[in-house]
2 protein chains.
Amino acid sequence: MSLIVQKYGGTSVGSIERIKNVAQRIAKYYHSGHKLVVVVSAMGDTTDELIDMAEKLNPNPNPREMDFLLSSGERISAALTAMALQNLGIPAIALSGKQAGIMTDSVFTKANIKKIDPKRILEELEKGKVVIVAGFQGYEPEKGDVTTLGRGGSDATAVALAAVLKADICEIYTDVDGIFTADPRVVPNAKKLEFISYEEMLEMASQGAQVMQLRSVDLAATYHVPVVVRSSFNENSGTLIGEVKEVESKQKVKGIAHNKNIAKITIIGVPDKPGIAHKIFAPLGEKSINVDDIVQNVSKEGITDLSFTVSERELNEALKVVQEVAKEIGAKKVLYDNNVGKVSIVGWGIQSTPGIAAKMFGILASEGINIEMITTSEIKITCIIRRDLVEKAVRALHDGFNLGGED
Amino acid sequence: MSLIVQKYGGTSVGSIERIKNVAQRIAKYYHSGHKLVVVVSAMGDTTDELIDMAEKLNPNPNPREMDFLLSSGERISAALTAMALQNLGIPAIALSGKQAGIMTDSVFTKANIKKIDPKRILEELEKGKVVIVAGFQGYEPEKGDVTTLGRGGSDATAVALAAVLKADICEIYTDVDGIFTADPRVVPNAKKLEFISYEEMLEMASQGAQVMQLRSVDLAATYHVPVVVRSSFNENSGTLIGEVKEVESKQKVKGIAHNKNIAKITIIGVPDKPGIAHKIFAPLGEKSINVDDIVQNVSKEGITDLSFTVSERELNEALKVVQEVAKEIGAKKVLYDNNVGKVSIVGWGIQSTPGIAAKMFGILASEGINIEMITTSEIKITCIIRRDLVEKAVRALHDGFNLGGED
């Protein structure tokens with residue numbers, strides 16, 4: 001008998017029929033003798049509809065009231081899922097985030113989980129109940145007001161509960177079969193991975209394979225929660241995300257990630273002295289602008305050029321900040337390019353394996369793709385290239401590293 | 001400066017446009033310097049839609065989960081109303097029933113308010129905020145789970161809050177202009193009443209003028225809360241419901257109430273001895289069958305006949321119970337009639353004013369309407385008649401007692 005945490009996304013509980021299917025799936029686990037905690041998202045478009053109503057009434061809705069509003073969506077699907085289970089004769093109870101003991105900080109609309117007191121959940125499990133938890137929400141300690149966890153909040157709820165409850169597994173049900181060697185929309189013969197390490201998943205996710213939000217992968221890695229990403233529409237086994245295995249597989253490159261929604265900013269003529277990088281990136285952080293890859297080359301005569309990428313839709317805001325900083329630190333000028341994209345190869349030990357980087361560059365070269373920037377980490381090598389060549393690059397690399405085909 | 005509790009029903013907050021209108025109305029009061037606590041129902045058909053989804057998943061949904069589900073409707077409208085006010089530059093905060101301190105018993109789906117701790121409301125009022133409270137809900141003390149108050153629950157929320165906060169007035173906004181001398185659909189020249197006493201309102205409401213639920217009128221009477229029933233769609237002044245005035249108005253008959261959805265049960269040959277009435281009505285109460293008027297005439301030779309009315313849709317269940325009891329107590333037989341209706345004249349001091357009853361019976365007689373049963377109380381006289389004559393009777397009585405016309 002295991003303790004299993006399951007999370008069903010908005011598509012999986014998007015209609016009465018689908019909630020019935022989810023209940024059937026949960027029932028099967030229940031009858032196999034497992035203890036179950038099930039986290040649900042809001043049904044289908046509920047959250048978008050609520051946001052839409054809110055914005056019609058107030059273009060800048062108060063974050064506290066926004067959370068009060070949005071948290072209803074998950075409460076509704078939690079109640080309905082519990083009822084569907086009860087209809088199958090299975091004892092079930094629906095809990096709000098607060099009732100599930102999920103305490104967050106007070107940052108409404110994008111709160112972070114601070115502490116979980118699973119007392120009520122444990123009590124209900126003890127009584128033999130399946131516990132259905134409204135995802136995406138918690139409460140702030142000062143007033144007990146409801147908070148929401150922002151994008152990917154229900155994944156975070158599930159992983160955090162799995163960590164606190166020391167669950168045997170955390171299953172994330174979604175509308176795809178798992179994590180693939182590349183985006184199947186770009187590479188038709190992309191292959192589903194049976195296993196991927198947390199670190200590789202982080203790179204795949206941050207590079208655009210957005211099945212699960214980064215913060216939840218991070219959380220799972222920190223608390224060593226084994227996670228399975230799988231489809232709620234079939235019985236396929238999904239992809240296990242966990243600790244890297246001791247015996248390395250020979251196949252070093254796990255997958256190809258890409259992202260076409262980036263822009264590049266370059267600061268020319270930056271005085272190369274201690275504290276300069278901090279001066280540039282601190283104000284971006286304060287504006288919550290997410291900086292992706294950063295490249296700084298060796299300096300000549302005490303000055304250097306510094307490039308980095310941001311999400312395309314944050315380019316304008318980032319430029320404003322950077323242009324001001326550039327003046328302050330006496331840099332020569334700021335350039336930008338919003339016609340770039342990136343492609344990465346991801347895999348454990350990639351950087352330390354001779355020849356892999358060279359092979360990547362060779363494949364791109366043979367396709368006539370110019371590399372404009374390179375960054376590397378332990379487990380990925382990223383190239384910034386022209387945006388319109390990204391998909392071609394993904395296919396070439398997927399092919400070149402032999403990732404496709406059947407298992 | 002007054003403290004005003006307002007309640008807006010589902011129709012009044014039934015769309016984004018209507019919520020905007022409600023916000024405008026609240027704003028006017030706010031700018032006049034009043035302190036405001038506003039109770040809202042769920043938008044339009046939200047509650048019915050949620051019930052519908054629940055029943056598709058489970059024909060007998062668990063009451064606890066039902067309340068968890070349904071309470072979302074009022075949370076949504078409370079959040080949206082608060083946002084609409086904030087958009088007008090008015091500080092506002094949305095509170096759930098629990099946050100508003102509304103403790104109930106543990107009878108899910110039809111809980112009764114037990115205690116209100118208005119600490120949070122007072123704090124927020126102190127900060128100058130308009131407090132928007134999700135109606136129809138509270139929490140039970142054992143687990144802190146959300147409960148709902150059943151039919152008319154938002155009225156009860158408003159009146160109870162007004163009582164605890166010692167509000168100057170409780171305004172119930174609805175889609176009618178107030179309480180009328182008779183149902184305007186039956187009597188075209190029915191007149192809106194400027195004032196009606198709690199007791200008269202109770203009789204009007206229980207007789208079918210269903211603007212406000214009985215329990216809330218009762219609550220208002222118990223705690224001496226002055227209530228105004230008025231429309232949220234115009235500026236008309238509505239009807240004030242309050243303590244009976246010291247100087248009685250000459251007009252003793254306030255209004256005509258009627259109900260066509262009743263059925264009559266008669267037990268023939270009931271042994272006339274102590275405890276018999278209890279034996280008959282206790283099992284009906286246990287089945288939650290609401291018994292309306294009861295008539296028992298003087299007995300002859302130790303036996304009597306006993307008649308009472310029930311709601312038409314509870315007739316079958318009531319008959320089952322009564323037939324069993326009749327056997328037990330040795331009554332002769334049970335008759336029923338589901339082709340009856342009733343008409344009442346309502347007004348303070350009616351019973352003790354000579355000639356009023358006679359006038360009523362005379363009016364009915366002159367219309368050729370046969371009276372089948374009569375019951376009276378301090379403030380009403382009710383006649384049971386053929387159902388198809390009810391509307392004719394209402395019009396004749398409204399006319400005969402001169403209730404119509406302009407103010």
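The values are calculated or read from the model by the stated rules, or taken from the named source; none is laboratory data. Keep in mind it's a predicted model, so treat the numbers as computed, not measured. Methodologically, a virtual Cβ is constructed for each residue, glycine included, from the backbone with ideal geometry; neighbour enumeration extends over all protein chains shown. Ligands, DNA and RNA are stripped out before the accessible areas are found, and what is left, the full protein with its side chains, is counted by its heavy atoms. Shrake-Rupley method; radii C 1.70, N 1.55, O 1.52, S 1.80 Å.
The distance linking the stretch B:255-326 with the stretch A:314-359 is 85 Å (Cα centroid to Cα centroid, whole angstrom). Shown are B:Glu124, B:Glu391, whose ranking by accessible area with a 1.4 Å probe and every protein chain present, most to least, is B:Glu391, B:Glu124.
For the stretch B:155-172, the Karplus equation 6.51 cos²θ - 1.76 cosθ + 1.60, evaluated at θ = phi - 60°, returns couplings of 4, 4, 4, 5, 5, 5, 5, 4, 5, 5, 7, 6, 5, 6, 7, 10, 9, 9 Hz by residue, with Gly and Pro reported as x. For the stretch B:16-33, heavy-atom accessible area (probe 1.4 Å) falls by no less than 10 Å² from the chain alone to the full protein assembly at B:Ile16, B:Lys20. The C-alpha atoms of chain B define a longest principal axis, and helix B:16-31 lies at about 80 degrees to it.
Here the Karplus curve 6.51 cos²θ - 1.76 cosθ + 1.60, taken at θ = phi - 60°, turns the phi angles of the stretch B:309-315 into couplings of 10, 9, 5, 4, 6, 9, 4 Hz, with x standing for Gly and Pro. Phi-derived couplings, Karplus 6.51 cos²θ - 1.76 cosθ + 1.60 at θ = phi - 60°, listed residue by residue for the stretch B:372-384: 9, 8, 10, 9, 9, 9, 3, 10, 8, 10, 10, 10, 8 Hz, with x used for Gly and Pro. Amide H contacts of B:Lys332: B:Ile268, B:Gly269, B:Val270, each under 5 Å away and 5 or more positions distant or on a separate chain (H built 1.01 Å from N in the peptide plane; Pro and chain starts excluded). Computed from the Cβ-Cβ distance with R0 of 41 Å, the FRET efficiency linking B:Asn339 to B:Glu17 stands at 0.40. Surface burial for B against A, with a 1.4 Å probe and both sides summed, reaches about 3600 Å² of accessible area.
For B:Asp272, the accessible area of its heavy atoms, probed at 1.4 Å with every protein chain present, is near 70 square angstrom.
For the protein assembly as shown, the share of DSSP beta bridges that are antiparallel, to the nearest 5, is 60%. Between 0 and 90 degrees, the angle of helix B:63-87 with respect to the longest Cα principal axis of chain B falls at about 50 degrees. With R₀ set to 25 Å, the beta-carbon distance separating A:Asn261 from A:Asn402 gives a calculated FRET efficiency near 0.35.
When the C-alpha to C-alpha distance is required to be over 31 Å, the pairs from B:Lys98/B:Lys127; A:Lys35/B:Lys56; B:Lys114/B:Lys320; A:Lys114/B:Lys129 that qualify are B:Lys114/B:Lys320.
Taking Lys and Arg as +1 and Asp and Glu as -1, the other residues whose beta-carbon sits under 15 Å from that of A:Met212 total -4. Classify the protein assembly as shown from the C-alpha gyration tensor, please: rounded if a/c falls under 1.5, else prolate or oblate depending on whether a/b exceeds b/c. Cα axes put the protein assembly as shown in the prolate bin. The solvent-accessible area of B:Arg18, taken with every protein chain present and a 1.4 Å probe, is close to 90 Å².
In the elastic network of chain A, a GNM with C-alpha springs shorter than 10 Å, the most mobile of A:Val39, A:Val253, A:Val107 is A:Val107. With contributions of -39500 (n - 2.57) from each DSSP H run of at least four residues, the per-residue ellipticity at 222 nm computed over chain B stands at -11000 deg cm²/dmol.
Here B:Thr222 and B:Val107 are evaluated by their C-beta separation; at R0 = 22 Å the FRET efficiency comes out at 0.65. In the context of the full set of protein chains, residues of the stretch B:3-175 present 34 Å² of accessible surface per residue (probe radius 1.4 Å, heavy atoms only). Within the accessible surface of the protein assembly as shown, defined with a 1.4 Å probe on protein heavy atoms only, the carbon and sulfur portion equals 49 percent. Rank A:Lys264, A:Lys327, A:Lys252 by mean-square fluctuation in a GNM of chain A with C-alpha springs under 10 angstrom and give only the top-ranked residue. Checking each option, the largest mean-square fluctuation is seen for A:Lys327. Amide H contacts of A:Leu95: A:Ile132, A:Val133, A:Ala134, each under 5 Å away and 5 or more positions distant or on a separate chain (H built 1.01 Å from N in the peptide plane; Pro and chain starts excluded). Report the Cα centroid-to-centroid distance between the stretch A:179-244 and the stretch B:1-49 in angstrom, as an integer. For the stretch A:179-244 versus the stretch B:1-49, the Cα centre distance is 47 Å. Relative to the longest principal axis of chain A, what angle (0 to 90°, nearest 10) does the C-alpha long axis of helix A:356-366 take? Computed tilt is about 70 degrees. Within the same chain, lysines fewer than 8 places from A:Lys327 are excluded, and of the rest, those with a Cα less than 16 Å from its Cα are A:Lys273, A:Lys279. Dividing the mean sequence gap of close Cα pairs (under 8 Å, 6+ apart) by how many residues the stretch B:3-175 holds gives a relative contact order of 30 percent.
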